[in-house]
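Here the structure comes first, spelled out in structure tokens, and everything after it is commentary.
The values are calculated or read from the model by the stated rules, or taken from the named source; none is laboratory data. This one's a predicted model, so the numbers in the text were calculated from it and none came from an experiment. Positions of Cβ are backbone-derived with ideal geometry, glycine not excepted, and every protein chain shown enters the neighbour counts. Heads up: the accessible areas ignore ligands, DNA and RNA and are worked out on the full protein's heavy atoms, side chains in. Shrake-Rupley method; radii C 1.70, N 1.55, O 1.52, S 1.80 Å.
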Amino acid sequence: MAAEYEGVLLGMGNPLLDISAVVDEDFLTKYDVKLNNAILAEDKHLPMYEEMSSKYNVEYIAGGATQNSIRVAQWMLQIPGATSYMGCIGKDKYGEEMKKNSKTAGVNVHYYEDETAPTGTCAVCVVGGERSLIANLSAANCYKSEHLKRPENWALVEKAKYIYIAGFFLTVSPESIQLVAEHAAATNKVFTMNLSAPFICEFFKDVQEKALPYVDYVFGNETEARTFSKVHGWETDNVEEIAIKISQLPKASGTHKRITVITQGADPVVVAQDGKVTTYPVIYLPKEKLVDTNGAGDAFVGGFLSQLVLEKPIEECVRAGCYASNVIIQRSGCTYPEKPEFK
């Protein structure tokens, strides 16, 4: 079993060390941060990393959206070496931490190590179980397609049958995305992406539109879907309609039809394909069991992909996604117990 699934799933993205803490409203106000959002750090945000570390009880967890999803998929699959991942880290203690963490998780990582920039970090501010993310990309921003083209790294692309890239990577190396997307289209592989954040849909619209024709599965949440609709002048806030419209955008390859999968927190998951929508309820979780929502969307994708690579039907993929995100929101950060109980 293991051999045929070796390297079946490849992720590329921004490896970030999450600096996670439960903070208060005042802290959010001070740094002009909104809950349930994900942004790139500006100069005004830079002091917050230090302040969080000194003022609150912080945890350091290896993160970054794509890396989270790949780690969760690996955990769900329990097949050594089924997943691989590329991204850029710095040569520092955070980078070492990241390497150690990924090895423990069983992911075959090929990091590009940048000599000049520190490993990227992401401030995870938690209030009332809801999270806000402020990413300081640093080294993650330095990923180059030259690294991807090296034989030992391109071999991971060739080996993979499924590829996942969070939209965040569009801000870093659209060229790498394009290379992998074109390869997937030419070889009938399954290429998957995430809308990832409202700001990606707004300010990186052009590179997002360039990648979309290649995308077989589009993931996102309701806020991102609505932002996407607004940016494209669709004049609808209806998530089901938006999901259908996204699935019907032009496609570079006709091998796979596009499927849109939109999560809505505690509300049902929306899946659009062939011009129609199916909704799937999520697993109910009483409020007092919610620790934080950080990594919930990433975990959903990881769970979904774990069954997709096993060629399970879509309802099984969604069920696995719901299972994984349910586990993750009951823990701090994108972490999980030793073994999944998904049957």
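Structure data summary
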{"item": "Sole exception among (1) within 14 Å of Gly13 (Cα to Cα); (2) touching a Pro at 6+ places or on another chain (Cβ under 8 Å) for Met76, by number", "result": "(1)"}
{"item": "Conditions (1) surrounded by fewer than 16 Cβ atoms within 10 Å (Cβ to Cβ); (2) out of contact with any Cys (no Cβ under 7 Å at 6 or more places or on another chain): number failed by Gln273", "result": "(1)"}
{"item": "Cross-chain or 6+ apart pairs with Cβ under 6 Å, the stretch 253-265 first and closer than 20 Å to Lys210 by Cα, then crowded, with 17+ Cβ neighbours inside 10 Å and among the polar types (S, T, N, Q)", "result": "Arg258/Ser247; Ile259/Gln273; Thr260/Ser247"}
{"item": "Matching option when the condition is open to solvent by 50 Å² or more (accessible area, probe 1.4 Å) and either assigned to a helix (DSSP H, G or I) or touching a residue at least 40 places away in the same chain (Cβ under 8 Å) (or both), among Tyr111, Tyr85, Tyr60", "result": "Tyr60"}
{"item": "Of all residues in the stretch 288-343 being in a helix (DSSP H, G or I) and surrounded by fewer than 18 Cβ atoms within 10 Å (Cβ to Cβ), the one that is farthest from the chain's Cα centre (by Cα)", "result": "Glu288"}
{"item": "Test: residue in the stretch 122-140 that is open to solvent by 50 Å² or more (accessible area, probe 1.4 Å) and in contact with a Leu (Cβ under 7 Å, 6 or more places away or on another chain)", "result": "yes"}
{"item": "Positions within the stretch 245-263 being hydroxyl-bearing (Ser, Thr, Tyr) and either modelled with pLDDT under 95 or in a helix (DSSP H, G or I) (or both), in sequence order", "result": "Ser247, Ser253, Thr255"}
{"item": "Residues within the stretch 300-335 that are closer than 19 Å to Leu35 by Cα and either touching a Ser or Thr at 6+ places or on another chain (Cβ under 8 Å) or of a type in the set (Phe, Trp, Tyr) (or both), tallied", "result": "5"}
{"item": "Qualifying residues in the stretch 264-294 (those that are under 30 Å from Ala123 (Cβ atoms) and either among the small types (Gly, Ala, Ser) or in contact with a Phe, Trp or Tyr (Cβ under 6 Å, 6 or more places away or on another chain) (or both)) - the one modelled with the highest pLDDT", "result": "Val269"}
{"item": "Residue match in the stretch 240-251 (condition: crowded, with 22+ Cβ neighbours inside 10 Å, in contact with a helix residue (DSSP H, G or I) (Cβ under 6 Å, 6 or more places away or on another chain) and within 24 Å of Gly321 (Cα to Cα))", "result": "yes"}
{"item": "Output for the stretch 184-216, where each listed residue is under 13 Å from the mean Cα position of the chain (by Cα) and open to solvent by 10 Å² or more (accessible area, probe 1.4 Å)", "result": "Met193, Asn194, Ser196"}
{"item": "Lone unmet requirement of (1) closer than 25 Å to Ile163 by Cα; (2) modelled with pLDDT of 95 or more for Lys44", "result": "(1)"}
{"item": "Test for Thr104: is it open to solvent by 60 Å² or more (accessible area, probe 1.4 Å) and touching a Cys at 6+ places or on another chain (Cβ under 8 Å)", "result": "no"}
{"item": "Flag for Ile70 being farther than 25 Å from Ala181 by Cβ and touching a strand residue (DSSP E or B) at 6+ places or on another chain (Cβ under 6 Å)", "result": "no"}
{"item": "Output for the stretch 89-108, where each listed residue is among the charged types (D, E, K, R) and either touching a Pro at 6+ places or on another chain (Cβ under 9 Å) or in contact (Cβ under 8 Å) with a residue 12 or more places away in the chain (or both)", "result": "Lys91, Asp92, Glu97, Lys99"}
{"item": "Flag for Ser176 being farther than 19 Å from Leu305 by Cβ, in contact (Cβ under 8 Å) with a residue 24 or more places away in the chain and buried (at least 19 other Cβ atoms within 10 Å of the Cβ)", "result": "yes"}
